[in-house]
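K.L.:
Mind looking over this structure? Questions follow.
The values are calculated or read from the model by the stated rules, or taken from the named source; none is laboratory data. What you are looking at is a predicted structure, and each value in this text was computed from that prediction instead of being measured. Glycine gets a Cβ as well: all are built from the backbone with ideal geometry, and neighbour counts include every protein chain shown. When the accessible area is computed, the model is the full protein with side chains, heavy atoms only, and any ligands, DNA or RNA have been set aside. Shrake-Rupley method; radii C 1.70, N 1.55, O 1.52, S 1.80 Å.
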Amino acid sequence: MLLSCGRNQRKLSEAMCYKGYTHSMYDYSIFYKKTTESIIYVAVYADDVILTGTNKEEIEELKGFLHESFKIKDLGKLHYFLGLEILYKAYGIVITQKKFMLDLLKEYNCMDYSSLASPLDLSVKLRAEEGIALPDPTYYRKLVGKLNFLTNTRIDIAYSVQHLSQFMQDPREPHLKAAFHLLRYLKGDPSMGLFMSHDPTYNVRAYCDSDWAACPYSRKSVSGYLVLLGNSPICWKSNKQETISLSSVEVEYMALRKVVGELVWLCRLFEELNMPFNKPVEVFCDSQSALHIARNPMFHERTKHIEVDCHFVRSKLQEG
């Protein structure tokens, strides 16, 4: 259920606490109220509020209280929220950004172009200072910023968008051409999005991988991960690592550390919201050397520089 209320978030927080709702320690946009019979969740973003839970009477009472305090608008069942479109199916829900994507294609005059099969041209290697500088860099920055917003529902463009984001400081014509290539890829299926299954299975599993020294200038590596709840994606990321790694094993281990950190946060959030998932959590990594480092209690001289991350991943592995 979607509501719209005033913009004073501090007063809203005080009102929710007054009604007996608890502010989540792991996601400050969430309030919840747990009893032996029911649980109610409240998600807040600016002046938009989503209510859901197992007790309709409690939800109606909360709506009445919020209306008295803030003069809210009840927009009914959730269908559109922050540019996200929610479609209800018998077997789950589909979350898309179709309207936002079509508006983006129209804004950049891509509706008449043919669609492409890949997010980036695999034969083109983008470089930072190659090509003619754009006369208006904000044109490129605005486009990449909107593409970044699309990664909320389009996992398939996460790597491409982070790659294009590397050239925001000094965008060139090849970079803009690659961004338009991505737009033409999106044109192929604007309605594609996330499928969130109704399957009651709460098994969590994660995948991680990396590309060693992928950046030709800094030689920093790119890593990414994906976390699934059942068969539904709930967390994903693709980004350049902060430090230069001396080996491919270290890169894989850093990617493993990132996804383990995400899983620790998810575990705490789910337990707080009364949704504990089964442990241990399966984490898939294609580097046997990285897995060996995680399991082996004896450090070799070559792993001293990543000792902190090793201790973190190994401690979580031992905790189950």
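K.L.:
Subtracting the Cα-Cα distance from 0.36 nm times the residue separation, let me have the gained length for Y202 to S114 in nm, one decimal.
P.N.:
Stretched out fully, the Y202 to S114 stretch lengthens by 27.6 nm.
K.L.:
Keeping all protein chains in place, calculate the accessible area per residue for the chain (probe 1.4 angstrom), answer in Å².
P.N.:
That works out to 57 Å² per residue.
K.L.:
What does the charge add up to near D121, with Lys and Arg as +1, Asp and Glu as -1, over the other residues with Cβ less than 12 Å from its Cβ?
P.N.:
Residues close to D121 contribute a combined charge of +3.
K.L.:
Mind checking the stretch 26-90 for chymotrypsin sites (Phe, Trp or Tyr not before Pro) that DSSP puts in a loop (not H, G, I, E or B) and that have at most 16 other Cβ atoms within 10 Å?
P.N.:
Those satisfying the criteria are Y26, Y28.
K.L.:
Taking all protein chains in place and a 1.4 Å probe, what share, in percent, of the accessible surface of the stretch 105-255 do carbon and sulfur account for?
P.N.:
On the stretch 105-255, the fraction of accessible area on carbon and sulfur atoms equals 54 percent.
K.L.:
Could you look at the stretch 1-99 and say what percent of its accessible area is carbon and sulfur, using a 1.4 Å probe and all protein chains?
P.N.:
The C+S portion of the solvent-accessible surface of the stretch 1-99 is 55 percent.
K.L.:
Straight distance only, please: which aspartates and glutamates reach the Cα of K220 with their own Cα at less than 18 Å, same-chain residues fewer than 8 apart left out?
P.N.:
E129, D209, D211, E242, E250, E252, D309
K.L.:
Taking the Cβ of G83 as the center, what net charge do the other residues with Cβ under 13 Å away carry, scoring Lys and Arg +1 and Asp and Glu -1?
P.N.:
+1
K.L.:
Over the chain, what is the mean sequence separation of C-alpha contacts under 8 Å (at least six apart), divided by residue count, expressed as relative contact order in percent?
P.N.:
Relative contact order of the chain: 13 percent.
K.L.:
Enter the mean projected area of the convex hull around the alpha-carbon atoms of the stretch 58-97, in nm², rounded to one decimal.
P.N.:
3.8 nm²
K.L.:
With a cut-off of 16 Å, note down the residues of the stretch 133-150 whose backbone N falls inside the zone around a label point 7 Å from the Cα of D170 toward its beta carbon.
P.N.:
Flagged as within label range: 133-138.
K.L.:
Could I have the simple spin-label model distance between N296 and R10, label points 7 Å from Cα toward Cβ, reported in nm to one decimal?
P.N.:
5.5 nm
K.L.:
Shifting gears a bit: Can you show me the helix-derived [θ] at 222 nm for the chain, built from DSSP H runs with n ≥ 4 at -39,500 (n - 2.57) apiece and divided by the number of residues, rounded to the nearest 500.
P.N.:
Result for the chain: -11500 deg cm²/dmol, rounded to the nearest 500.
K.L.:
Express in % the proportion of alpha carbon pairs of the chain at distances exceeding 37 Å.
P.N.:
30 percent
K.L.:
At 7 Å along Cα-to-Cβ for each site, give me the label-to-label distance between D47 and Q288 in nm.
P.N.:
6.0 nm
K.L.:
Counting other Cβ atoms within 10 Å, keep those with at most 16, restrict to DSSP loop, and tell me which chymotrypsin sites (Phe, Trp or Tyr not before Pro) in the stretch 128-213 are left.
P.N.:
Y202
K.L.:
Whose amide H sits under 5 Å from the amide H of K237, counting only residues 5 or more places off or on another chain, with H placed in the peptide plane?
P.N.:
Y225
K.L.:
In sequence order, what are the phi-derived ³J(HN,Hα) couplings for the stretch 267-272 according to the Karplus relation 6.51 cos²θ - 1.76 cosθ + 1.60 with θ = phi - 60°, rounded to whole Hz, with x for glycine and proline?
P.N.:
For the stretch 267-272, the Karplus curve yields 4, 5, 5, 5, 5, 5 Hz.
K.L.:
While we're on this one: Kindly flag which residue pairs out of K98/K177; K89/K316; K19/K316; K11/K142; K63/K146; K34/K146 have an alpha-carbon separation exceeding 27 Å in this structure.
P.N.:
Beyond 27 Å between Cα atoms: K89/K316; K19/K316; K11/K142; K63/K146; K34/K146.
K.L.:
Under unit Cβ charges (Lys, Arg +1; Asp, Glu -1), what dipole magnitude, rounded to 20 debye, does the chain have relative to its Cα centre?
P.N.:
260 debye
K.L.:
Excluding residues on the same chain fewer than 8 positions from K33, give the aspartates and glutamates whose Cα lies under 18 Å from its Cα.
P.N.:
Result set, ordered by chain and number: E14, E57, E58, E60, E61, E271, E272.
K.L.:
Also, quick follow-up: Based on the Kirkwood radius over alpha-carbon pairs, what value in µm²/s does the Stokes-Einstein equation return for the translational diffusion coefficient of the stretch 96-231 at 20 °C and 1.002 mPa s?
P.N.:
D, rounded to a whole number, is 131 µm²/s.
K.L.:
Specify the longest stretch of the chain that does not include any exposed loop site, a site being one of the GluC sites (Glu not before Pro) with a non-H, G, I, E, B DSSP assignment and at most 15 other Cβ atoms within 10 Å.
P.N.:
Answer - 131-241.
K.L.:
Then there is this: What dipole magnitude, in Debye to the nearest 20, does the stretch 31-101 give about its Cα centre under +1 on Lys/Arg Cβ and -1 on Asp/Glu Cβ?
P.N.:
360 debye
K.L.:
Moving on to the next point. So between H311 and D156, what do we pick up on full extension, going 0.36 nm a residue minus the alpha carbon distance?
P.N.:
Gain on stretching H311 to D156: 52.6 nm.
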